[in-house]
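Read the figures in this text as sums done on the coordinates, not as results from a lab. Just so you know, these numbers come straight off a predicted model, no measurement behind them. As a convention, Cβ positions derive from the backbone with ideal geometry for all residues, glycine included, and neighbour counts pool all protein chains shown.
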Amino acid sequence: MRRWWWAALIVFLLSWLPPVPPVQVASSIGILALVAIVVIWFATTVGRMPRTTEDKWKRRTARSILTSWGTVAVRLGLAVQDYATRAAVVPSISVPVWDRWTCVIRVALPQGLGRQHLQAQADMLAQAFGARRATVEGDHIGSLLLRLEFVDALEHPFCLELPMPWDGQTVTMGKTASGALWALRLGPHTLVAGSSGSGKASLVWGLLLGLADPIHSGLVEVWGVDRKGGMELALGRALLTRFAADAERSVILLEEAVAAMQARAQELAGRTRQHVASLTSPTIVILIDELAALTAYETDRDLLRRANAALATLASQGRAVGFMVFACLQDPRKETLPARGLFTQTVGLRLRDRVETAMVLGDGAVAAGALCHEISPDTPGVGYVLPDDGRPPERVRAALITDDMIHDIAARFAAPRQIPVVVPSPPAQEERPPRAPRPSRRSTRKESAS
């Protein structure tokens, strides 16, 4: 708008000029061209100037990073020596680009430095430039991304207007570190691991309330297993098509899910390789809260064996036919969950140590800055997501879900049907005729004596 204002001003001034003789036209054009260039440059410069305090701060911070990068890199050991000139060669950087309150810098490393060197100094780089956190993204040393977060958008809890419109592929669960909405992919089997009080319930209810619309329409069915005696999922029981709280019914639910999955696979065989949700063939989400109670802590050996077998079958065969598992647990060890490797999308909330973080997200994610063991206990729902498509881990926070929200949405978006889990009665035992009394030893001796 400023450029149009200056152009209009020039036209207005020219309209008041007196008539110019033809002899002076050439010189007048030159003068006007020079004036126009100066005016346009001034207008363009003014248009680029920051207009708010936030813009001024970002501009000043970016300039400071550019001017001090060489010195900071040398002090942190991010430099190699040029043997020809004996000069220090530091990584080259691009002009910083802002993504809300995150400064994104493209870094090209010189020969002799690797990605691991930049990752190892990420915390020191954050301190040097006054950022809250620094992460490194990318694999190619010529185009790494250094992300400096100056404001933590996940520091305070927040709520979302749920349910949101469903796109058939993702569920809006919360926000990312940049402040954008975080949408979890619905399709990969998902494992949520976190210590007690880390905010697993926010993800459970974020999934349920985020799917309220397709649940109500019949495109999605959620089969819930709550091994806390129903303390968690019973609050939104109306959203669940099937529900189990004790060990026996939970195992029966999993086995019936396997049977339904295999029946659907036979139905789709030869017709398609990928299931599409419909009212007659909905997507089935197996939602399990405290999975370890089924896979490790169950005292009945037969139920334990059946639960692990059913879970492994679902996690290895269910995705293509529209059966997916979303499970939560506290202890991510392999002994607790033998089928841990079958969950391709993982979410790590606050965990006890670096070893547990590596169990959930992998060593590469820990090296990339996914430090679940450093999450504050005062920020429940904060965690790192490791997608199944190879992208680097993403820091997120699940939205706060209140009991009033659960009651309201469960009443307005109840599932169209609810199927109870029936425990089969034990087979009736045939009555046997009573045995004849065995003769005693005394009577036998008397008969033999006589």
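Observations on the model:
- Look at the Cα gyration tensor of the stretch 170-412: its axes a ≥ b ≥ c give a/c under 1.5, and that counts as rounded.
- Spatial separation of Cα centroids for the stretch 348-417 and the stretch 113-165, in angstrom: 17 Å
- Within the stretch 53-149, the ratio Rg/Rh, alpha carbon atoms throughout and Rh by Kirkwood, equals 0.97.
- Charge sum, other residues only, whose C-beta stays under 11 Å from residue 275's C-beta, Lys/Arg counted +1 and Asp/Glu -1: +3
- Highest average packing first - 352-360, 151-159, Cβ atoms within 10 Å: 352-360, 151-159
- Other residues whose C-beta falls under 13 angstrom from the C-beta of residue 322 contribute a net charge of +1, scoring Lys and Arg +1 and Asp and Glu -1.
- Relative counts (whole %) of C-alpha pair distances in the stretch 275-334, using bins that are 10 Å wide: 21, 46, 25, 9
- Likely footprinting exposure, 205, 166, 223, fewest C-beta neighbours within 10 Å first: 166, 223, 205
- Positive dipole terminus of the stretch 53-149, leading residue within 69, 57, 83 (C-beta point charges): 57
- Neighbours of residue 187, meaning other residues whose beta-carbon lies under 13 angstrom from its beta-carbon, give a summed charge of -1 when Lys and Arg score +1 and Asp and Glu score -1.
- Taking Cα centre as origin and charging only the Cβ of basic (Lys, Arg, +1) and acidic (Asp, Glu, -1) residues, the dipole magnitude of the stretch 96-149 rounds to 80 debye.
- Sorted largest first, extent of the stretch 238-365 alpha carbons per principal axis (Å): 47, 36, 28
- Shape of the stretch 163-288, Cα gyration tensor, a/c cut at 1.5: oblate
- Loop sites in the stretch 49-125: chymotrypsin sites (Phe, Trp or Tyr not before Pro), DSSP, at most 12 other Cβ within 10 Å: 83
- Each Lys and Arg Cβ is given +1 and each Asp and Glu Cβ -1; about its Cα centre, the stretch 100-239 then shows a dipole of about 240 debye.
- Within a straight-line Cα-Cα reach of under 25 Å, residue 334 can be paired with the following lysines, leaving aside sequence neighbours fewer than 8 residues apart in one chain: 200, 228.
- Relative to the Cα centre, the charge distribution of the stretch 170-412, modelled as +1 at Lys and Arg Cβ and -1 at Asp and Glu Cβ, gives a dipole magnitude of about 540 debye.
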